[in-house]
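The values are calculated or read from the model by the stated rules, or taken from the named source; none is laboratory data. Please read these numbers as outputs of a predicted model, since none were measured by experiment. All Cβ positions, even for glycine, are placed from backbone atoms using ideal geometry, and neighbour counts span all protein chains on display.
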């Protein structure tokens, strides 16, 4: 009897183990059917060297999509957006108005963290991929790119930035609009008067950098070369800022954001320009003295060469 009970217990334990294994397989199969997609990306190069003859380049971002739903793939329900964001730094946008033939600063807006460059590639138009609230949250697209503002300064007396973005003739802000805002604050706003906001300065900054080629985006630049492999072509301008750039890829399924993957890109100077820049950064005082001595020597040598008897 005892031997029979032991056999029954062993059979019971084996049955429980088999049932647990079947349950695990069922759960894993159900997760696979739900489509828990994963993907990774890689760059055609992780370092870009900028020399005096650098005229721009194209960066290829490639990736692989795993555990994708075959039916959704055939229906082209997957979308991928690839973004390359340059190093962030403060920027100042100034409003200029022509007064008596002179361009005078009338106001400015300081942004704390502005990407030095922004390149985007997508499978389809962004409006067809995700709703606007999601695009704004992820900063997808130049129109929905978030720019953190510090504070707005008044006309005249604003602090001078290191590298201001001059919005000369490009900002839709005028002194009359500022006066209209002041009149509205005083309770006497004329009907139909526009109010100057931070968005006006942000849009001006984006337009300036788009005109310079620093901000660009393209639709259809992400293509599936196979059912699970994709590639994206990003344009890098000639005046690409140095530093650490971040390439990010966003995966969407039927308009729903699934996950993202990122890889760094290092942009650095090379050649004689890199040596001069390194000397100026490490030995600022010595570099300044050498520059003054070189200027004095050049002037003296030029006077000897072009001296008239």
So in segment 58-80, with the set limited to residues that are at pLDDT below 90 and over 26 Å from residue 127 (Cβ atoms), which one is surrounded by the most Cβ atoms within 10 Å (Cβ to Cβ)? 67
How many residues are surrounded by fewer than 16 Cβ atoms within 10 Å (Cβ to Cβ) and closer than 25 Å to residue 209 by Cβ if we restrict to segment 251-280? 9
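Each row is one residue, and each column tells you yes or no for (1) at pLDDT below 80; (2) out of contact with any strand residue (DSSP E or B) (no Cβ under 8 Å at 6 or more places or on another chain); (3) part of a strand (DSSP E or B).
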| residue | (1), (2), (3) |
| --- | --- |
| 252 | no, no, yes |
| 260 | no, no, yes |
| 266 | no, no, yes |
| 276 | yes, yes, no |
| 285 | no, yes, no |
| 289 | no, yes, no |
| 295 | no, yes, no |
| 303 | no, yes, no |
| 308 | yes, yes, no |
Considering segment 99-112, residues that are in a strand (DSSP E or B) and out of contact with any strand residue (DSSP E or B) (no Cβ under 8 Å at 6 or more places or on another chain), and then whichever is farthest from residue 242 (Cα to Cα), we arrive at 99
Checking 220, 213, 284 in turn, the sole residue that is over 25 Å from the mean Cα position of the chain (by Cα) and within 29 Å of residue 114 (Cβ to Cβ) turns out to be 284
Inside segment 127-141, the number of residues satisfying the requirement of being touching a strand residue (DSSP E or B) at 6+ places or on another chain (Cβ under 7 Å) and closer than 23 Å to residue 229 by Cα is 3
Find the residue count for segment 232-250, including only residues that are surrounded by 14 or more Cβ atoms within 10 Å (Cβ to Cβ) and either part of a strand (DSSP E or B) or at pLDDT below 90 (or both). 12
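Here is a check on your reading of the model: is residue 124 in a loop (DSSP other than H, G, I, E, B) and over 22 Å from residue 243 (Cα atoms)?
yes
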Being in contact (Cβ under 8 Å) with a residue 60 or more places away in the chain, farther than 16 Å from residue 209 by Cα and not in a strand (DSSP E or B), is that true of even one residue in segment 113-120? no
